[in-house]
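Derivation of every value follows stated rules applied to the coordinates shown; laboratory data play no part. Everything numeric here is computed off the predicted structure, so don't read it as measured data. Counting neighbours? That spans all protein chains shown, and the Cβs are built from the backbone with ideal geometry, glycine included.
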Amino acid sequence: MIFIKRLSYIFFALLILSSCKHKKDQLKPSTSSLTEYYAEPYRSQFHFTPEKMWMNDPNGMVYHKGIYHLFYQYYPENIVWGPMHWGHATSKDLVHWNHKPIALYPDEHGYIFSGSAVVDEANTSGFGSLDNPPLVAIFTYHFMEGEKAGRKDFQTQGIAYSLDNGNTWTKFEGNPVIGNEGIKDFRDPKVIWHEETKRWVMSLVAGDHVKFYTSENLKEWKLASEFGNNKGAHGGVWECPDLFPIKVEGSDEVRWVLIISVNPGGPNGGSGTQYFVGDFDGETFTTNQKEIKWIDFGTDNYAGVTYSNAPENEPIFIGWMSNWSYALRTPTEAWRSAMTLPRKLTLRKKGGEYNLFNYPVSQLESILEVSRKLEDFEIKTGAIKVFDGENFSQSEVRFKTNFQNMSFGFKNGLEEIVSLGFNKQDASFYLDRGASGKVNFQENFGKGIQKMPMANLPKEEVEVRIIVDASSLEIFINEGQYVMTVQLFPNENYQEFYFENTSANVIEISDFEIRKVNRIW
């Protein structure tokens, strides 16, 4: 769960609520009336958003009996952060979502912060039976009165269980199951079953490192080891850990991946999510990794974790599509925040180095429609090629190209533009949203050019896939080897996509397609 310095945020939230009374610019809808469900300005059309009010971290992501459960940090009273609950949604395909009643409410132990959920198949907890194994949620309690009193032990860990596939939950009468001996930032339990040792393993962040606990029954936990004091990025507090095994693509080799979010300290400012590739023996995680590696170089992919019990044990990742630098100020009114598209993680090895790729799940293809497909073409030095006549604010653009200096991006009739491109000289990618639409709601939102190093990009043809929703852009390069996710708030939909050749060589474009993305609501 994201830690917020709440005294300052209370004042901040009051400022936001006051500003909401001022006259606002309206996003011009392209195809639907504002009275239509899920058609407010900037409302995501195919990403998950709550029906109303505030949302942040994805929580308790678990698959059971054909249903993908998405729980999330939720405040049902306002569009700014407040006392945390677990909101709940379900899906059969990771694309279409059904809103469910709130799953977990605050109680005498505190707010319900981030955590995970598992299927207790062997009924080790005793909450269910072998015929009806329970879903068990593991979460952080945040005792606000303790924080306000200046204590450091205000975060503890609790559990709850469900015997009806997540529809209703019962909290364990013995909560908290892990107390706190004075660690200020002590939260976000992610639990897995470790088959080799026949035990549950919990990853739990403690300020600047991870603590690993083990348990036979999900109720009694023992500290096993720690990791991370001198590893990885430490620009801010560590949060939202996730530990899982993954097979190296194209081999039988299995490695372990540890995901850690850090805030601040992300690669382009504010929040970011790093990962480590190593080994885990049921108690201790080790890695020889020296380089800091990021799942996503954009500013708006944070607190992401993977599904528990997913079919074929696929590591399916969803992140919160925002950044704590400006999350409370984004220009929406009925609701605030969206999730990233669900992504499949794969681990690839080249030259002894392991890299984690992330790419939209194949189920997304079910809502894509080809609207334009071109034969291969070339763009000469200094030339610009423009495609218009589409609603690019609800679209996917795909192409392949040779790696040269080039720019491409989206424009609208108000001359608002988001510009992306390759820089061959320093082997990097850039994204500039400084003139993309509304940017002044926070001083740094539109400032600076976001950059992504691509030193290991293949020198041959490069695949590019860009997915744009009403208020977001996700770009995947080389099948998800390099990824950037950002929020955008244009004052009208983007209507043009362009290429510009800024190199001394001819740019070759192949497999170019524009696809409409159908709304899921």
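Values for this structure:
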item: Of [x] 37, 27, 21; [y] 52, 25, 23; [z] 39, 30, 19, the label for semi-axes √(5λ) of the Cα gyration tensor in Å derived from the coordinates; result: [x]
item: Label point 7 Å beyond Cα of Arg348 along Cβ direction - residues of the range 465-492 with amide nitrogen under 14 Å; result: 465, 476-483
item: 14 Å cut-off, amide nitrogen to a point 7 angstrom out along Asp376 Cα→Cβ, residues in the range 497-521; result: 507-512
item: Label-point separation, Asn456 to Glu291 (7 Å along Cα→Cβ), nm; result: 0.5 nm
item: Ala122-Leu163 FRET efficiency (beta carbon distance; Förster radius 22 Å; 0.05 resolution); result: 0.90
item: For peptides 246-253, 222-229, sequence by mean Cβ density within 10 Å, most packed first; result: 222-229, 246-253
item: Peptides 422-435, 161-174, 113-126 ordered by average Cβ neighbours within 10 Å, highest first; result: 113-126, 422-435, 161-174
item: Rounded to 10°, Cα long-axis angle of helix 6-19 versus longest principal axis of the chain; result: 40 degrees
item: Asp185-Asp511 FRET efficiency (beta carbon distance; Förster radius 45 Å; 0.05 resolution); result: 0.45
item: Ordering of 321-329, 98-106 by packing [mean C-beta count within 10 Å, highest first]; result: 321-329, 98-106
item: Efficiency of FRET from Cβ geometry, Thr170 and Met144, R₀ 22 Å, rounded to 0.05; result: 0.40
item: Asn132 paired with Tyr498, simple spin-label distance in nm, labels 7 Å along Cα-to-beta-carbon; result: 6.2 nm
item: Shape category assigned to the range 368-517 from the gyration tensor of Cα positions, a/c cut at 1.5; result: oblate
item: Anchor Lys100: aspartates and glutamates whose Cα lies under 19 Å away (excluding residues fewer than 8 positions away in-chain); result: Glu51, Asp57, Glu77, Asp164
